[in-house]
Amino acid sequence: MSELTITVIRIGLLVALWAFIFSIVGVMRGDLYGIRGARADNRRQPLRDERRPARSPRGGPTHLAVIEGLMRGISVPLSDGGVLIGRNPECVLVLSDDFASGRHAQVYRDGDSWFIDDLGSTNGTFINDRPIGQHVPLREGTRVRIGQTVLEVRK
């Protein structure tokens, strides 16, 4: 083979190697930080400003508190727009738990009651050591386990 052919093959292999490396970095970045701008279809649109706490009818729950795990002691107000839970920075409650997904679960109000949805997480969301799916009701005192983090619904 000529020297030109060998040089072209070397450059081609080098370009293919770098393309492979950039694709791996892109996938890892998406897993760690999520994709900005893209919204999952099952994420509910906020009904009003998410920073304002919801007025709970009939003295129902108003906060979600972390009671076990690395973030114990943190409390997040339940808002009409819902509370997105996961490791992504876009979440309302950002967990520092290796067993939580980027967008793990969402707590939201439907009528006068609060519900939780598992958003297709890898390790699942549990209430009373039972895995949950969609539209599971929450009451005051309910404990939700996400990875090694345990949350409690409180007034």
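The values are calculated or read from the model by the stated rules, or taken from the named source; none is laboratory data. Note that the structure is a prediction, hence the values are computed from the model and not measured. Cβ placement follows ideal geometry from the backbone for every residue including glycine, while neighbour counts extend to all protein chains displayed. Heavy atoms of the whole protein, side chains included, go into the accessibility calculation; ligands, DNA and RNA do not. Shrake-Rupley method; radii C 1.70, N 1.55, O 1.52, S 1.80 Å.
Of note:
- Yes/no for R72 being part of a loop (DSSP other than H, G, I, E, B) and either open to solvent by 30 Å² or more (accessible area, probe 1.4 Å) or free of Cβ contacts under 8 Å to residues at least 24 places away in the same chain (or both): yes
- Among (1) in contact with a Phe, Trp or Tyr (Cβ under 9 Å, 6 or more places away or on another chain); (2) hydrophobic (A, V, I, L, M, F, W, C); (3) at pLDDT below 50, the one test that A38 misses: (1)
- Selection from region 83-100 of residues that are open to solvent by 20 Å² or more (accessible area, probe 1.4 Å) and farther than 18 Å from A65 by Cα: P89, E90, D98, F99
- Summed over region 115-141, the residues that are open to solvent by 30 Å² or more (accessible area, probe 1.4 Å) and among the polar types (S, T, N, Q) give a count of 4.
- When region 101-114 is filtered for residues that are touching a helix residue (DSSP H, G or I) at 6+ places or on another chain (Cβ under 8 Å) and open to solvent by less than 30 Å² (accessible area, probe 1.4 Å), only G102 remains.
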